[in-house]
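What follows is one structure encoded as structure tokens, with my remarks underneath.
The values are calculated or read from the model by the stated rules, or taken from the named source; none is laboratory data. Every value quoted in this text rests on a predicted model; they were computed, and no experiment measured them. Glycine gets a Cβ as well: all are built from the backbone with ideal geometry, and neighbour counts include every protein chain shown.
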Amino acid sequence: MRPRTRRVLELALEIAVPVVLLAIIWVWSASSETFYYPPLSEVLQRFADNWLFERFASDVWPSLRRMGLGYAIAVVLGVAVGTALGGSRLLRLGTAPVVEFLRSIPPPALIPFGIVVIGVGDSMKVFIIAFVCVWPVLLNTIDGIEGIDPTLKDTARVYGLSGTDRLLRMTLPAASPQIFAGMRLSLSLALILMVISEMVASTNGIGFFVLQSQRSFAIAEMWSGILLLGFLGYAFNLVFVLLERRVLAWHRGAKASALG
Amino acid sequence: MLSIKHLSKTYGEGERATRAIGDVSFELGEREFVCVVGPSGCGKTTLLKCMSGLLEPTAGEVELKGGPVTEPPEEMALVFQEYSRSLLPWLSVRGNVVMPLRHKKLDKAERTKLVEEAVDAVGLSGFIDRYPWQLSGGMQQRVAIARAIAYQPEILLMDEPFASVDAQTRGDLEDLILRVRERYDMTILFVTHDIDESVYLSNRIVVLTPSPTEVREILDVDLPYPRDQIETKELPEFAHLRAHVYRLIKRAAAGEQPDAESAAPQAAEAP
């Protein structure tokens with residue numbers, strides 16, 4: 001009973017803090033005369049007007065699509081190339097300077113290039129998101145593959161495990177804790193880059209909406225967009241953590257049992 | 001069945017070269033249980049890796065049924081000392097045992113039967129859907145043994161398999177491997193640093209010298225099977241063999257002086 005009571009109390013605390021914060025902002029902003037900080041009630045009103053679900057098809061969906069596509073490309077590419085590089089020291093040595101250079105480029109600097117070469121459409125945005133998100137996945141995959149226990153590799157050889165069987169049942173699962181760490185990092189990057197790419201040469205999307213609202217002095221609208229981005233980031237992370245817990249349940253179990 | 005001819009292994013090159021294995025030759029007959037013992041750090045694991053085709057020897061040959069061993073052969077399975085690192089923690093006991101069977105041409109029913117039989121042979125039927133990290137060390141090593149026997153090898157190599165479990169579990173696992181050998185009709189090569197264990201299990205013992213390793217002596221163990229932890233170990237023959245191997249190893253560890261066992265009591269390191 002006691003640990004359960006404790007869990008309930010902890011959960012209550014987690015919920016109470018944001019609720020209290022919202023209440024404070026609500027009260028504080030209710031009488032606000034400042035142009036830049038409209039009352040929370042107004043922001044929420046705009047939030048409901050815009051996002052439930054008036055602008056879902058016109059702005060939210062295109063944004064999610066870009067982000068999802070870019071992120072998916074980054075994960076697939078990062079894991080595939082990372083697996084190849086992680087398995088070969090020579091390949092790793094040969095590509096290290098290039099990888100280090102490319103990943104050091106501040107991503108927004110690529111937007112002008114993207115516009116010129118790819119155009120102002122979705123492809124450019126997807127490209128920018130994928131280009132930025134690929135590095136954490138790639139580097140973590142390399143790290144994970146490189147760090148596979150030699151005993152495990154010997155085991156695979158002794159039992160004649162090869163090809164896709166070896167890749168899917170040994171190599172990738174063994175590296176999956178690191179791969180997931182990289183994917184998690186990339187997920188927050190994907191959201192950031194989605195917003196940035198939509199603020200330049202764009203005609204729709206949540207990032208476009210926020211900038212456009214500010215330019216037309218619709219400050220409550222702008223805040224509603226920011227609020228939505230915050231919720232989205234929170235939700236993505238939550239979903240990711242739940243997924244990770246499921247997929248890596250063995251990892252947490254093994255770690256816990258190794259600690260005693 | 002398996003023959004090792006003038007095997008040697010040197011790590012590194014030039015000035016920094018370390019000769020791990022000097023010159024080792026011996027043979028393993030069909031259905032034999034041979035134990036390889038030697039002083040700590042005498043290159044037992046290196047020898048085993050060369051024999052299994054995991055490591056290329058610098059010179060000499062390993063032959064299995066007349067053919068050279070260059071890669072781990074299909075007729076061979078290996079049980080590692082570090083069970084926690086050779087089992088796949090993302091797979092259940094069943095998943096681990098079935099893993100090496102996946103690329104063998106078996107239908108599903110046959111495969112399931114092999115797996116369940118092997119898991120039963122090591123006494124883990126009730127744990128087949130657990131994960132390795134939910135089991136104790138001794139049970140994890142049983143899983144590794146089940147995986148090896150389900151693979152249906154003709155020869156099973158074991159690298160100090162019971163070195164990381166407690167003494168009681170160790171005794172149980174020793175008896176288990178003897179039963180498994182009866183049931184599955186396998187040839188077993190068992191590397192250990194435990195002298196009692198080597199005498200208790202084998203019908204022949206290969207005693208090694210310290211690195212660079214050579215064969216010090218090969219002796220027959222004429223104790224009757226089936227063996228028993230209490231009765232076999234009470235036999236005068238057991239005590240005699242044990243003392244003999246002990247002397248060989250102690251002498252070897254003290255640097256090959258003929259009278260070393262009386263001159264250097266500090267070398268009498270407990271196994």
Go through the range B:163-194 and give me each residue that's within 14 Å of chain A (Cβ to nearest Cβ) and not hydrophobic (A, V, I, L, M, F, W, C). B:S164
Among residues of the range B:133-162, those that are of a type outside the set (D, E, K, R), within 14 Å of chain A (Cβ to nearest Cβ) and not in a helix (DSSP H, G or I), counted: 10
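Looking at A:G144, A:G119, A:G87, can you tell me which residue is modelled with pLDDT of 90 or more, out of contact with any strand residue (DSSP E or B) (no Cβ under 8 Å at 6 or more places or on another chain) and away from chain B (no Cβ under 14 Å)?
On the way: A:G144 fails: away from chain B (no Cβ under 14 Å); A:G119 fails: modelled with pLDDT of 90 or more.
Only one candidate qualifies: A:G87.
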Of everything in the range A:149-173 that's among the small types (G, A, S) and free of Cβ contacts under 8 Å to residues at least 12 places away in the same chain, which residue is nearest to B:A146 (Cα to Cα)? A:G160
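Looking at this structure, is B:V97 surrounded by 14 or more Cβ atoms within 10 Å (Cβ to Cβ) and either modelled with pLDDT of 95 or more or polar (S, T, N, Q) (or both)?
Numbers: surrounded by 14 or more Cβ atoms within 10 Å (Cβ to Cβ): yes; either modelled with pLDDT of 95 or more or polar (S, T, N, Q) (or both): yes.
Taking the combined requirement at face value, the residue satisfies it.
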Can you tell me which residues in the range A:152-173 are of a type outside the set (D, E, K, R) and at the interface with chain B (Cβ under 7 Å from one of its Cβ atoms)? A:L152, A:T155, A:V158, A:Y159, A:G160, A:L161, A:M170, A:P173
Look through the range B:100-122, keep the residues that are within 13 Å of chain A (Cβ to nearest Cβ) and of a type in the set (K, R), and return whichever of them is farthest from B:D175 (Cα to Cα). B:K105
Report every pair of residues separated by at least 6 positions or lying on different chains whose Cβ atoms are under 7 Å apart, first residue within the range B:11-25 and surrounded by fewer than 16 Cβ atoms within 10 Å (Cβ to Cβ), second among the polar types (S, T, N, Q) and in a strand (DSSP E or B). B:Y11/B:T18; B:G12/B:T18; B:A17/B:T10; B:T18/B:T10; B:D23/B:S8
Can you tell me how many residues within the range A:104-131 are in a helix (DSSP H, G or I), within 15 Å of A:M199 (Cβ to Cβ) and not charged (D, E, K, R)? 11
Residues of the range B:70-99 being farther than 16 Å from A:G253 by Cβ, among the hydrophobic types (A, V, I, L, M, F, W, C) and away from chain A (no Cβ under 12 Å), in sequence order, are none
Just the residues that are touching a residue at least 40 places away in the same chain (Cβ under 8 Å) and β-branched (V, I, T), please, taken from the range B:160-196. B:V180, B:T187, B:I188, B:V191, B:T192, B:I195
Residue list for the range B:32-90, filter: small (G, A, S) and not in a loop (DSSP other than H, G, I, E, B): B:S52, B:A59, B:G60, B:G67, B:A77, B:S84, B:S86
The lone condition A:D149 fails out of (1) away from chain B (no Cβ under 14 Å); (2) over 17 Å from A:G70 (Cα atoms); (3) of a type in the set (D, E) is (1)
Mind telling me which of the residues A:R169, A:R184 ends up being modelled with pLDDT under 95 and basic (K, R)? A:R169
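Can you tell which of B:E256, B:E269, B:E234 is surrounded by fewer than 17 Cβ atoms within 10 Å (Cβ to Cβ) and modelled with pLDDT of 90 or more? Write out each step before concluding.
Values: B:E256 fails: modelled with pLDDT of 90 or more; B:E269 fails: modelled with pLDDT of 90 or more.
Going through B:E256, B:E269, B:E234 in turn, just one is surrounded by fewer than 17 Cβ atoms within 10 Å (Cβ to Cβ) and modelled with pLDDT of 90 or more: B:E234.
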Can you name the residue in the range B:37-69 that is β-branched (V, I, T), closer than 22 Å to A:Y159 by Cβ and touching a helix residue (DSSP H, G or I) at 6+ places or on another chain (Cβ under 8 Å) and is also nearest to the other protein chains (Cβ to nearest Cβ) among such residues? B:V69
Those helices (runs of 4 or more DSSP H) lying entirely in the range A:1-86 with at least 1 residues in contact with a Ser or Thr (Cβ under 6 Å, 6 or more places away or on another chain): A:40-51, A:61-86
Only one of A:S186, A:S176, A:S213 that is away from chain B (no Cβ under 14 Å), assigned to a helix (DSSP H, G or I) and in contact (Cβ under 8 Å) with a residue 40 or more places away in the chain: A:S186
Among the candidates A:G68, A:G94, A:G78, A:G82, which residue alone is within 28 Å of the chain's Cα centre (by Cα) and either surrounded by fewer than 17 Cβ atoms within 10 Å (Cβ to Cβ) or more than 26 Å from A:N237 (Cα to Cα) (or both)? A:G68
Assuming A:S202 fulfils every condition listed in (1) away from every other protein chain (no Cβ under 14 Å); (2) in contact (Cβ under 8 Å) with a residue 12 or more places away in the chain; (3) in a helix (DSSP H, G or I) apart from one, which condition is it? (3)
